[in-house]
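Everything on this sheet refers to the single structure shown next.
All of the numbers you see were taken from the coordinates with simple rules; none came from a lab. None of the values given here were measured: they were computed from a predicted structure. Positions of Cβ are generated from backbone atoms using ideal geometry, with glycine treated the same way; all protein chains shown enter the neighbour counts.
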Amino acid sequence: MKKIIALPPFLLGLFPVFYIYSQRKETIFETILVPTGIVFLMILALWLLLIPLIKDREKRTLCLSLFVLFFFSFGYAYTTFKEYLPRAVEEGYFFFFFIWLILLVSALFVILKMNKGKTSLAHFFTFMAGGLILFLLLDIFPIRCWFGSPGFQPVKKNKDLLQIQEKSLIPGMRWPNIYYLIIDGYGRSDILKDFYNLNNQEFIDFLKQKGFFVADKSRANYPQTALSLASSLNFHYIDQLLKGINPASDNREPLANLIRDNLLFYHLKRFNYSIITFASGKSETEIKKGVEQLAPRWSFSEFHNLLINSTPLPLILKGWQYQSHRERVLFIFKELEKVPQGTDPFLAFAHIIAPHPPFVFGESGEPVQPNRNFSLGDGDHFTRNSNREEYRQSYTKEVLFLNKKLKEVIQKILAQSSVPPIIILQADHGPGSYLEWRHPENTNLRERMSNFTACFLPGQGEQKLSPTITPVNIFRIILNQYFGGGYPLLKDEIYFASLSRPYQWIKVTEKTE
């Protein structure tokens, strides 16, 4: 029984890791292994350090359990009570940490003075922690290991979706390299001018001079990354890809699977293409299986940042979190210029989380350090901790820096390509200064759904493009033009969906024109 009594702090330490994983089922499982090991070793080290300080095993268990509980619940408690705290972000955070610390010290003092009931309390912590872990395991592993991903069947197995025949595979033909660059939240030029007072004509002229077709009336099919990329990479609307999905579900794993196991990669591999992806920092767009993924030597993933934010660690790690995000964006641009030009063609797919919150670059690329905890939240998830004017100013500066980096990488790609490449420069959606996730009626849909699209299609391929093109049709045109596909163009439809209900689609096509 003494060994069992020592379990609560370890189980309580594993609970936040498994809890975040259960809420973010789109996370690749390997992502949680290192945090799990770090948490376990941290608690083990604390346990060993407390042995000479607290001789009573039950009191030591209770004290360490309380510390772990307070440590990993701090972020959730702060989020719950922050509206009642001082208005300044950092002042409120420090103030709440001080209050939380006082509560922890008080609870530890009570336990150390306790003589009766400590055994029962230790047993309670044991069963409570064990029950919490069991509950999460039952939520996670039956879904993943026994029943598969709800509502999802790999699209390549659905023959109705395949419109390229084996006869179109021409042996020995040199296919063009393809660069599919997602610039997250980059708005159409008229949107930048109307909402951000930014004249983007210089960048547009640069692209046109290089031979790009710029769609000046393009729109996104969906308002969020997972929906948009799941659709564009499979060139179908989501309702055709996830037939029968529960509209009330908030499970984003089926969308992540559609992104990782998509029709575009499947088709191109039949043409002997190699697939190169880049670490994005966003769980849904991390693609590792069956591809060559390029990633920085170290970086915080979305999962890591959520785990860090559940603790007081942002007090010392916040700068590193933003720096990790900043370096990942710069890494993608650096590596795009160095992708080797071999004998086999390749597709380079990069999801660049810029110009998208958090805004971490100034106009000249200088580091920007926001005064709030790290978050990828957009729309009112950003403005509720800031204001709309800060969003507009920070967004504009990041667009200007991004333009410089895009010019550099496009010039390098074109200069080093022996066969003219295909380059798709596309935003998954527009910016979100007027976005309210739960209230589409209060959202400026024109701003959110007007995305940037520019395509370099050699051999007069741009003649197949339309100024009003949406992402769902881009690769239908490319596969038809260059690979013998037979995909008819779909009607351009626009749908809104909230983050909490990604499968409840509201048709807003007419409201975005």
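See the values below:
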{"read-out": "Pairwise label distance in nanometres, Leu41 with Arg174, each label 7 Å out on the Cα-Cβ vector", "value": "5.0"}
{"read-out": "Nearest-ten-degree value, helix 57-81 long axis tilted from longest Cα axis of the chain", "value": "40"}
{"read-out": "Within the chain, percent of DSSP bridges classed antiparallel, to nearest 5", "value": "35"}
{"read-out": "Rounded to 10°, Cα long-axis angle of helix 471-483 versus longest principal axis of the chain", "value": "50"}
{"read-out": "The stretch 287-327 residues near the modelled Phe97 label - backbone nitrogen below 19 Å, point 7 Å along Cα→Cβ", "value": "305-324"}
{"read-out": "Chymotrypsin sites (Phe, Trp or Tyr not before Pro) restricted to the stretch 201-298 and DSSP loop, no more than 15 other C-beta within 10 Å", "value": "Trp298"}
{"read-out": "Phe109 versus Gln416: modelled label distance in nm, points set 7 Å from Cα along the beta carbon direction", "value": "6.3"}
{"read-out": "Rg/Rg_globular for the stretch 2-146, with Rg_globular taken as 2.2 N^0.38 Å and Rg from C-alpha atoms", "value": "1.16"}
{"read-out": "Equivalent-ellipsoid semi-axes of the chain, from the Cα gyration tensor, Å, largest first", "value": "45, 26, 21"}
{"read-out": "Fully extended contour minus Cα-Cα distance, from Ile316 to Asp194, at 0.36 nm per residue", "value": "40.0 nm"}
{"read-out": "Compactness of the stretch 220-344 - radius of gyration and Dmax, Cα, Å", "value": "16.9, 51"}
{"read-out": "Shape call, the stretch 409-497: gyration tensor on alpha carbons, a/c limit 1.5", "value": "oblate"}
{"read-out": "Chain lengthening between Lys511 and Ile28 when straightened (0.36 nm per residue, less Cα-Cα)", "value": "170.2 nm"}
{"read-out": "Amide hydrogen neighbours beyond the local backbone of Leu294, cut-off 5 Å, H modeled", "value": "Thr277, Phe278, Ala279"}
{"read-out": "Filter on Lys243/Lys288; Lys217/Lys282; Lys25/Lys243; Lys25/Lys338 - keep pairs with C-alpha separation over 24 Å", "value": "Lys243/Lys288; Lys217/Lys282; Lys25/Lys338"}
{"read-out": "Two-site label geometry, Thr80 and Gln463: point separation in nm, points 7 Å out along Cα→Cβ", "value": "6.5"}
{"read-out": "Convex hull volume per residue in cubic angstrom - Cα atoms of the stretch 257-315", "value": "76"}
{"read-out": "Length added when fully stretched, Glu493-Gln201, from 0.36 nm per residue minus Cα-Cα", "value": "102.4 nm"}
